[in-house]
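Have a look at the structure below before the remarks.
Only the coordinates and a few stated rules stand behind these numbers; no lab work does. Because the structure is a prediction, the values reported are computed rather than measured. All Cβ positions, even for glycine, are placed from backbone atoms using ideal geometry, and neighbour counts span all protein chains on display.
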Amino acid sequence: MVAYTAIAVVVIVIIVAVSFSLQAHRTKPVILYVNQGNGVVNGSNFAPMLEFASSKGFNTIFFQIYRQGDLLFSTGDLGTFVNETHDRGLEIFFALYITNSSQVLPTSVFGLGEDGISLDMSTLDLGAQESLLASLQASFHGKTAVTTTDMTSTLKPDLLILETYGSATQQYIRPGIIASVGVFATSSSADYQSQFQFALNNSDGVMVFDYAGLLKSRY
């Protein structure tokens, strides 16, 4: 009887530990990056993208709405995208791809109900990045994010996403940042799943770059 009791206790402990682990993962951002440069997503195919994201376990969309100084959508369209995303139980960040310090933040899209704004500006020098992030934090009252290829970035957004694509950068995956998986830097579905789980288990979340790549790979 004692032996059976001990076994039962061990089983309960394992179940509780797994439950806590799964719950922790549910609360982590699992981000799908929609890059308009690789594959356009607009009103005609936004809903299928959301269906895909939900089916693959993503809880957050980084939706690129601004590229190199050009705003790609009207505020009306963006408001619709926000509502549709929330109806699916997902969060949406507007992603701003900025390649020149002369490109200004599109403040007209701030406050449309989006859950956050993400700055994608790795090609800029640190001073320009610091200035843009400070401007965003001063003018936007929501979560801020930065995606960067600088593994030693000192920027302090709410979410700092390191673009840890491939095995060479896995050493930088740690708590305190969100790690990334690049579909283009995977060799198979098994490799993708392995990189995905490593990033999720060892950081504060995971971002997958990108939607078009996942569709093409059929992972």
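What the table below lists for this structure:
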quantity	calculated
Qualifying residues in the stretch 33-71 (those that are touching a Ser or Thr at 6+ places or on another chain (Cβ under 7 Å) and not polar (S, T, N, Q)) - the one farthest from residue 95 (Cα to Cα)	50
Residue list for the stretch 57-72, filter: in contact (Cβ under 8 Å) with a residue 24 or more places away in the chain and over 12 Å from the mean Cα position of the chain (by Cα)	57, 65, 66, 67, 68, 69, 71, 72
Matching option when the condition is in contact with an Asp or Glu (Cβ under 9 Å, 6 or more places away or on another chain), at negative phi and of a type in the set (Phe, Trp, Tyr), among 62, 73, 58	62
Residues (β-branched (Val, Ile, Thr) and under 27 Å from residue 189 (Cα atoms)) located in the stretch 147-176	147, 148, 149, 161, 164, 169, 173
Strands (runs of 3 or more DSSP E) wholly inside the stretch 98-206 containing at least 1 residues that are in contact (Cβ under 8 Å) with a residue 40 or more places away in the chain and surrounded by 15 or more Cβ atoms within 10 Å (Cβ to Cβ)	116-120, 143-148, 159-162
Identity of the residue in the stretch 83-97, under 22 Å from residue 156 (Cβ atoms) and of a type in the set (A, V, I, L, M, F, W, C), that ends up surrounded by the fewest Cβ atoms within 10 Å (Cβ to Cβ)	96
